[in-house]
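One structure is given here, and the rest of the page talks about it.
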Amino acid sequence: MTAPRTPADPPRTPADPPLDPVRPRRRVHPAWWVAAVAFLALLAAAGFRAAPGALMVPLHEEFGWSTTIMSLAVSINLLLYGLTAPFAAALMDRFGVRQVVASALTLVALGAGGSVLMTASWQLLLFWGLLIGLGTGSMALVFAATIANRWFVQRRGLVMGILTAGSATGQLIFLPPVAALAESAGWRTASLLVAAVALAAVPVVWLVLRDHPQDRGVLPLGADPATYSPPARATGNAAVRALEGLRFASRKPSFWALVFAFAICGATTNGLIGIHFIPSAHDHGMATTTAAGLLAVVGIFDIAGTIASGWLTDRFDPRILLVTYYAFRGVGLVLLPWLLSDVVHPSMVLFVVIYGLDWVATVPPTAVLCREIFGDRGTIVFGWVFAAHQIGAAVAALGAGVIRDTFGTYTYAWWGGAALCAIAALLSLVVRRAPAAVAERSG
């Protein structure tokens, strides 16, 4: 048996002794520790995901900025959050997960902390849009997919669900205090809280995360030592790798079905509910802190829904799961205009619970489909699919703001989102899975 390796050991070479699949004296496979720290990093980066909805009202009251201009800043953020993802996946392949994630968290901290100095609306576009967009986009769900694909053979769908829930947990933890601080101590204090949490995660990421199981002297969890061979380390230009992944995937119709369906997913979660639920509830007379509390409850049930979705993805056809998720989401958006009021009532709570269970339950089946269809390029391809998710979110965030300023209500935005969900359900049925994946699940 090979000697234990320490975190400081260099990457393995072909001359090194064979890897141990799992050492008997280890009770916990190192993959679970890596996943735990990845969850922590995603949670920390999610701090800003909770902030815009809670800060839009105080920013409007202090500076008089319109909903449209604030929605534009969030749209830039969401757009960069998505477009950075495939290049971040390639950068992680080329330069390492630790370096990319630590840099990303630092950018989030700079954007959130620097925003307290804002005096003009263009600075909102810089801090909220550019810096935080690049920072969060350099992690995003491609980071979760990278960890799940490299460190796990078994439980891959479950791990993807758990890591995806990290963002929901961040919303759960940060949204109530951010909203409360914005009302009591001011929005600047709330922004500094987000910056501090992002910075606090950097040393933990640097100490624990490693790029590949081989760096810890083990195989991925569940890998067969008789057949497993470590993937070749990436070389060359990361941007070229990302673009090659797009060119490869774009030849398959299933890629475009996943792209458009996931764009609708982003539009109906981050773009509509995530950004505009609190202002819409405020329009109906509900207190900002109450609406923020409801959105945090969405985060609670999102954790359960996403982890359950990962478990289901390991057992059932991912396409059928996606059809179900989009259908339930569409029904919720149709009913939302009649559910909002100045007080919380049982039907509103039911909406929050159902929407929470469905929030990003689409991520595990979508990520697994990318892996099944596109193989080793699946993570980079998922990065491009996720880019579409954020483009959809950016368009919806800006579009809903324009609708609100034009018609004085969000109703048409909610109904438009419901119609898009019906389209996404149909697109999910078009996806063609790889024959080997179908045989593996049915075997």
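The values are calculated or read from the model by the stated rules, or taken from the named source; none is laboratory data. In this text, all values refer to a predicted model and were calculated from it rather than measured experimentally. Positions of Cβ are backbone-derived with ideal geometry, glycine not excepted, and every protein chain shown enters the neighbour counts. Just the protein is used for accessible areas: all its heavy atoms, side chains included, with ligands, DNA and RNA removed. Shrake-Rupley method; radii C 1.70, N 1.55, O 1.52, S 1.80 Å.
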(message) To check my understanding: the extent here is largest minus smallest coordinate of the Cα atoms along each principal axis. What are those three numbers for segment 73-123, in Å, largest first?
(response) 39, 19, 10
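So for the chain, what are the equivalent ellipsoid semi-axes in whole Å, largest first, each being the square root of 5 times an eigenvalue of the Cα gyration tensor?
The answer is 36, 25, 19 Å, longest axis first.
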(message) For a protection proxy built on the mean count of beta-carbon atoms within 10 angstrom, sort 389-402, 148-161, 105-118 highest first, please.
(response) 389-402, 148-161, 105-118
(message) Under the rule of at least 5 residues apart or a separate chain, name every residue whose amide H is placed under 5 Å from the amide H of Phe152.
(response) Leu221
(request) Output ³J(HN,Hα) for segment 186-194: one whole-Hz value per residue in order, computed from phi by the Karplus curve 6.51 cos²θ - 1.76 cosθ + 1.60 with θ = phi - 60°, and x for Gly and Pro. (result) x, 5, 5, 5, 4, 5, 5, 4, 4
(message) Under the 0.36 nm per residue contour assumption, what length would be gained going from the current alpha-carbon distance of Val240 and Gln99 to full extension?
(response) 48.8 nm
(message) Run the numbers for Trp256 and Val344: contour at 0.36 nm per residue of separation, minus the present Cα-Cα distance, in nm.
(response) 27.7 nm
(message) I want to verify the translational diffusion coefficient of segment 107-177 in µm²/s; compute it with Stokes-Einstein, Rh as the Kirkwood radius over Cα pairs, at 25 °C and 0.890 mPa s.
(response) 176
(request) Quick one: accessible surface of Thr189, probe radius 1.4 Å, all protein chains present, in square angstrom to the nearest 10. (result) 60
(request) Tabulate in residue order the Karplus-calculated ³J(HN,Hα) for segment 411-420, using 6.51 cos²θ - 1.76 cosθ + 1.60 with θ = phi - 60°, rounded to whole Hz; enter x for Gly and Pro. (result) 3, 5, 5, 5, 5, x, x, 5, 4, 5
(message) As an exercise, identify the trypsin sites (Lys or Arg not before Pro) in segment 279-341 lying in DSSP coil whose Cβ has no more than 11 other Cβ atoms within 10 Å.
(response) Arg315
(message) Considering only protein heavy atoms and a probe of 1.4 Å, how much of the accessible area of segment 277-328 is carbon and sulfur, as a whole percent?
(response) 73
(request) Quick one: accessible surface of Glu183, probe radius 1.4 Å, all protein chains present, in square angstrom to the nearest 10. (result) 110
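What length, rounded to one decimal in nm, is gained on full extension from Phe316 through to Val334, with 0.36 nm per residue of separation minus their alpha-carbon distance?
Residue separation times 0.36 nm, minus the Cα-Cα distance, leaves 3.7 nm.
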(request) Compute the relative contact order of the chain as a whole-number percentage, counting only Cα pairs closer than 8 Å that sit 6 or more residues apart in sequence. (result) 26
(request) Over 22 Å, how big is the tail of the calculated P(r) for segment 36-156, in percent of all Cα pairs? (result) 36
(request) Using the Karplus curve 6.51 cos²θ - 1.76 cosθ + 1.60 with θ = phi - 60°, work out ³J(HN,Hα) for each residue of segment 100-106 in order, rounded to whole Hz, and write x for Gly and Pro. (result) 5, 5, 4, 5, 5, 4, 5
(message) Can you give the local net charge around Ser66? Use residues other than it whose beta-carbon is closer than 15 angstrom to its beta-carbon, Lys and Arg +1, Asp and Glu -1.
(response) -3
(message) Could you report the accessible area of Arg98 in Å², rounded to 10, computed with a 1.4 Å probe on the protein chains as they sit in the structure?
(response) 60
